[in-house]
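Inspection log for the structure reproduced underneath, given as structure tokens.
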Amino acid sequence: MKRSFLAVITAAVLSLSLVGCAGGTQPSNTPTGPVTLVFWSGFTGGDADTYKQAIAEFNSTHPNIQIDYQLQPWDTIAQKLPAAIASGSGPDIATPDYNVATVLQYAGNGLALPITNVVGDGDGQVPASVIPKAILNGFTVDGKLYAVPASFTTLMLYYNKKLLSAAGLTPPTTMKELQDDAVKLTANGVYGISLADNNTIGMWPTLIWSDGGDIVNAQGCSALSDQTTIDSVQAWASLIVNSKISPVGQSGQDADNLFAASKAAFEINGPNAAGEYTPAGIDFGVVAVPTGASGTPVTLASTVPMIISAQSKHPAEAQEFLAWWMGKDAQRIISVGAAGGPARSDMADDPALQANPLVQSFSAQVPYSRLLLPDQKDFAQINQDIFQPAIQAATRDGDAATHLKDASAQLNTLLGC
């Protein structure tokens with residue numbers, strides 16, 4: 001689906017050039033009636049009720065603007081949205097994809113509207129100083145902001161309290177301690193850690209970042225062959241091959257299931273995982289991702305971009321909604337309901353967030369979080385066709401250097417380096 005996206009979006013742009021600005025995106029409103037904004041969202045899973053609650057709160061407090069919230073599967077939105085925007089039949093607001101780099105494609109092809117009134121110091125605006133830099137940088141194209149986060153979560157290290165207690169261990173604070181503990185806890189059908197290498201959140205990028213490595217460097221070329229990256233992957237690959245600390249070939253759901261079955265002592269995951277572990281009866285705790293060789297705390301941030309259609313007839317009202325979404329009232333609803341952190345850094349003392357220890361813990365990671373490949377239009381190809389296969393190969397034969405160097409050559413070819 002991802003690889004076919006460019007073809008879909010190119011066709012949409014051709015269509016856009018034909019229809020110009022004549023399209024309309026929502027039902028006609030009476031002169032005295034409220035403006036109706038159509039919102040396509042892919043949040044159809046367990047968090048759907050939380051986002052519906054936020055929309056209902058907006059509609060009840062903004063009688064002049066009403067949101068028609070339409071839920072659709074992610075793959076449906078990815079396929080339909082570009083052409084729908086181009087033809088003028090699409091929504092005013094949408095979450096086009098769960099990959100941050102999608103913003104580059106929509107902005108570059110003229111399908112998304114620059115957001116000019118959401119961030120600022122005026123009434124109803126959100127100060128730039130309270131928005132994590134990872135978000136501002138990831139959603140800015142050629143100096144213009146094109147999206148705000150529909151959701152924002154970070155990753156932490158989950159641990160099984162019973163397993164650690166039985167081994168006389170306390171939660172690790174460094175990667176070396178985590179590695180040593182994973183070896184000690186691998187016994188009797190239990191793995192020290194549950195790592196996934198496909199269809200998953202950025203577990204491996206987080207491990208690499210903690211040691212100072214990366215996938216793409218500041219110059220826009222591959223960092224996979226850098227010695228810091230190789231050393232980081234090699235340390236984990238050796239433990240997987242020699243000490244069997246984690247199964248190989250796991251998807252993200254496989255990794256979750258293993259932890260939920262008390263068959264793994266550790267897992268790196270986001271706040272939503274608690275919704276699986278609590279019903280499973282797991283007595284778990286969460287701590288910050290341990291600090292690696294870099295000596296700097298870091299974790300992955302996961303966010304879904306929310307854009308305004310370039311064809312919307314009501315851009316001012318759409319931006320008013322986005323500003324409200326980034327406000328404290330909406331972020332409080334989303335954070336507590338979805339057990340994630342707010343997409344702003346000034347809510348650490350919020351009573352509602354403090355009342356939920358899980359939300360408070362994940363919120364505390366916001367200053368150390370970063371997005372995965374936000375400035376790479378070929379995000380999916382880099383992650384799925386180059387990076388993940390290299391990790392898979394290294395964790396099967398223990399030769400990180402060979403596989404990462406091969407992957408680096410492929411990546412540099414793709415990046416034009």
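Bear in mind these aren't lab numbers, they're just calculated from the coordinates by the rules spelled out. As the structure is a computational prediction, the values presented were derived from the model and not from experiment. Note: ideal-geometry Cβ built from the backbone for every residue, glycine included; neighbour counts use all protein chains shown.
Enumerate the amide H contacts of VAL216 below 5 Å, restricted to partners 5 or more residues apart or on another chain; note that Pro and chain-start residues carry no placed amide H.
ALA223
Let me know the shape class of segment 45-181, please: from the alpha-carbon gyration tensor, a ≥ b ≥ c as square roots of the eigenvalues, rounded when a/c is under 1.5, otherwise prolate if a/b is greater than b/c, or oblate.
Here segment 45-181 falls in the prolate category.
Cα axis of helix 74-87 to longest principal axis of the chain: angle in degrees, 0 to 90, nearest 10?
Value to nearest ten degrees: 30.
So in the chain, what percent of DSSP beta bridges are antiparallel if you round to the nearest 5? Please list the in-between numbers first.
Working: 21 of 37 bridges.
Taking every DSSP beta bridge with both residues in the chain, the antiparallel ones total about 55 percent.
For a quick check: sort HIS314, HIS403, HIS62 by the number of other beta carbons within 10 angstrom, fewest at the front.
HIS62, HIS314, HIS403
Would you indicate which of (i) 22.4; (ii) 23.4; (iii) 29.1 is the value of Kirkwood radius over Cα pairs in Å derived from the coordinates of this structure?
Step by step, Kirkwood radius over Cα pairs in Å for this structure corresponds to label (i).
For segment 230-303, what does the alpha-carbon gyration tensor say about shape, rounded, prolate or oblate, given a ≥ b ≥ c as the root eigenvalues, a/c under 1.5 as rounded, and a/b over b/c as prolate?
Since a/c reaches 1.5 but b/c is at least a/b, the shape of segment 230-303 is classed as oblate.
Compute the distance in nm between two label points, each set 7 Å from the Cα along the Cα-to-Cβ direction, one at LYS52 and one at GLU276.
Taking the two extended label points, one gets 2.3 nm.
So how tilted is helix 48-61 from the main axis of the chain? Cα-based, degrees 0 to 90, rounded to 10.
With both axes taken from Cα atoms, the answer is about 30 degrees.
Given the rule -39500 (n - 2.57) for each run of at least 4 DSSP H residues, summed and divided by the residues of the chain, what is its mean residue ellipticity at 222 nm, to the nearest 500 deg cm²/dmol? Intermediate results must be reported in sequence, preceding the final value.
Numbers: 17 runs with 170 residues, N = 417.
The helix contribution divided over the chain gives -12000 deg cm²/dmol.
Under 19 Å from the 7 Å Cα→Cβ point of ASN117, by amide nitrogen: which residues of segment 296-335?
Only 306-328 pass the distance filter.
From the square roots a ≥ b ≥ c of the eigenvalues of the alpha-carbon gyration tensor of segment 327-369, which class results: rounded (a/c under 1.5), prolate (a/b over b/c), or oblate?
rounded
Taking every DSSP beta bridge that has both residues in segment 29-158, what percent is antiparallel when rounded to the nearest 5? Mind showing how you got there, number by number?
Working: 2 of 12 bridges.
In segment 29-158, DSSP labels about 15 percent of beta bridges as antiparallel.
Compute the helix-to-body angle for 315-325: its Cα long axis versus the longest principal axis of the chain, expressed 0 to 90° and rounded to tens.
Taking the Cα atoms of the chain, the angle to 315-325 is about 40 degrees.
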